[in-house]
Amino acid sequence: MSDNKSQKLIDKVAVLRRTEWFGKASETVLAQAASRAVLRRLKAGEILYTEHEKATGLFVVAEGEIRSIRQNAKGREQVLSVEGPGAVLSVAPLFNGKKYYSTAIANSDTHVLFIEAQDVHNLCREHSELLWSLAVVFAHRIRHYAELIETLALRNVDQRVAQYLLSLCSQQGARSGDACKVELTITQAEMASRIGSTREVVCRSLAHLEQDGYIRSQGPRVVHILSVKALASFAGVHHDLEEPRVASELTELTAEMA
């Protein structure tokens, strides 16, 4: 599909309205932002930007999925976040004039909107309500990172794996009373990359959770959580588990911890 043809199929205003930042903006602001947005199409595995580049603008995920990663000196990859439609990327470096803090890679065929930094700055100067919305975005991210740092600093790998399974239950699990069946859509190596561990340790942690009676595996992809409340207690999480809800990604890490 050509970019020109893609431009006609993507409703830029609808994409922006779906974001936390632009979601409550007026139709005038949305129209102005959309007029400055350029659609980019990525194939699975294609790099959107790297941590070595100076930030040139803002990205909004329209379709598909982007993962944000960092690598240490030994080449070990750490997933910071996995973002879907409505996610706004590269906000912080856009305003401090520095490089992107991570490398962004398309997990699947993906469309993103790109707005140049100067256009974003002009929009914020002309429409101060965007700055208030931006403050809310930053506040939510700071709180989320604080919770994530607590998870990584104070929970062992068994607890992190348990927490990841609980997040899957909240997002897409099949609940039956206090039990929940979840499907693992990523490999153990990918799970390890998301929770700050290794594949071997994640494999052992899953075995520990099964031995201790928290879960039961059904093949390599399906896991039965025997008691959501018991697993939550073990993991040390305090989510409202009575009603499934979309959980924030439990796999983000700060760049400093990558």
Other residues with Cβ under 11 Å from the Cβ of ARG36 give, with Lys and Arg +1 and Asp and Glu -1, a net charge of -1
Simple SL model, points at 7 angstrom along Cα→Cβ for THR50 and ASP11; separation in nm is 3.8 nm
Here the cysteines of the chain without any disulfide-compatible Cβ partner under 4.7 Å are CYS124, CYS203
Expressed per residue, the solvent accessible area of the chain in Å² (1.4 Å probe) is about 51 Å²
From most to least accessible, 1.4 Å probe, no ligand or DNA/RNA atoms counted, PHE59, PHE234, PHE95 line up as PHE95, PHE234, PHE59
Checked against the structure, the computed Rg and Dmax of the Cα atoms in Å among (1) 19.6, 60; (2) 17.7, 57; (3) 21.0, 64 is the one labelled (1)
Filtering the chain for DSSP H helices with an axial alpha carbon extent of at least 30 Å and a Kyte-Doolittle mean of at least 0.5 returns 129-154
Computed from every Cα-Cα pair in segment 62-164, P(r) in 5 Å bins starting at 0 and rounded to whole percents is 2, 10, 14, 21, 21, 16, 8, 4, 2, 0
Distance in nm between VAL91 and ALA207 label points, each 7 Å along Cα→Cβ, equals 4.2 nm
Descending accessible area (1.4 Å probe), largest on the left, turns LYS98, LYS181, LYS74 into LYS74, LYS98, LYS181
Label model pair GLU126, ALA31: point-to-point distance (7 angstrom along the Cα→beta-carbon line) in nm is 1.2 nm
Of every hundred units of 1.4 Å-probe accessible area on the chain, the number belonging to carbon and sulfur atoms, as a percent, is 50 percent
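The values are calculated or read from the model by the stated rules, or taken from the named source; none is laboratory data. What you are looking at is a predicted structure, and each value in this text was computed from that prediction instead of being measured. We place every Cβ from the backbone using ideal geometry, glycine too, and count neighbours over all the protein chains shown. Surface areas here come from the heavy atoms of the whole protein model, side chains and all, with no ligands, DNA or RNA. Shrake-Rupley method; radii C 1.70, N 1.55, O 1.52, S 1.80 Å.
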